[in-house]
Amino acid sequence: MSLKQPFAVNVISSASEQTLNLLWIEISSPTGDFVVGYGHKPLISLISPKSRITYETQENTMASFDVLGGLITISQNGINIFLFETKAPRDNLDVQNGKS
C-alpha cells in the first residue's frame with residue numbers, strides 16, 4: 001500500500017455521488033480505525049456511526065467530514081464509500097470537490 005500515489009474514492013449518499021482523488025483516507029469502523037492508501041487489499045467494513053472521515057487530497061490538503069455511518073468497499077474495481085447520512089462538513093470542506 002502506498003500513501004504517496006493518488007487514487008479515486010467514490011463517495012455515494014442518497015443525495016449525491018462524487019469522486020475524490022486522494023493520497024490516503026482514514027476510516028473509523030466498529031473494530032477500530034484504519035488508513036486506506038493506493039493498493040490496499042480488498043475489504044468490506046462498516047463505518048462507525050457518528051464518526052469522522054479524514055483524508056489528504058492529491059494537492060496535499062488535509063480535510064475531514066462527519067458521518068452518521070456507512071459502508072466502505074475496497075476491491076480491484078475501486079473504492080466506494082456508501083454514506084447512510086452526512087453531517088455538516090468540517091473546516092468549510094466542499095464535499096462535492098474534495099476541497100477545503
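Okay, here's what the table says:
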| read-out | value |
| --- | --- |
| Qualifying positions in the stretch 2-30 - surrounded by fewer than 16 Cβ atoms within 10 Å (Cβ to Cβ), hydrophobic (A, V, I, L, M, F, W, C) and either over 17 Å from His40 (Cα atoms) or modelled with pLDDT of 90 or more (or both) | Ala8, Ile12, Ala15 |
| Top-ranked residue of the stretch 36-57 - restricted to ones that are farther than 17 Å from Gln76 by Cα and hydrophobic (A, V, I, L, M, F, W, C), ranked as surrounded by the fewest Cβ atoms within 10 Å (Cβ to Cβ) | Leu46 |
| Inter-residue pairs, beta-carbon under 6 Å, first in contact (Cβ under 8 Å) with a residue 60 or more places away in the chain and under 24 Å from Lys4 (Cβ atoms) and in the stretch 33-49, second acidic (Asp, Glu) and in a strand (DSSP E or B), 6+ apart | none |
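Quick grid of which residues meet (1) touching a strand residue (DSSP E or B) at 6+ places or on another chain (Cβ under 6 Å); (2) over 16 Å from Leu22 (Cβ atoms); (3) at pLDDT below 90:
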{"residue": "Phe65", "(1), (2), (3)": "yes, no, no"}
{"residue": "Leu68", "(1), (2), (3)": "no, yes, no"}
{"residue": "Asn80", "(1), (2), (3)": "yes, no, no"}
{"residue": "Thr86", "(1), (2), (3)": "yes, yes, yes"}
{"residue": "Leu93", "(1), (2), (3)": "yes, no, yes"}
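The values are calculated or read from the model by the stated rules, or taken from the named source; none is laboratory data. Model, not experiment: these values are computed from the prediction. Cβ: placed from backbone, ideal geometry, glycine included. Neighbour counts: every protein chain shown.
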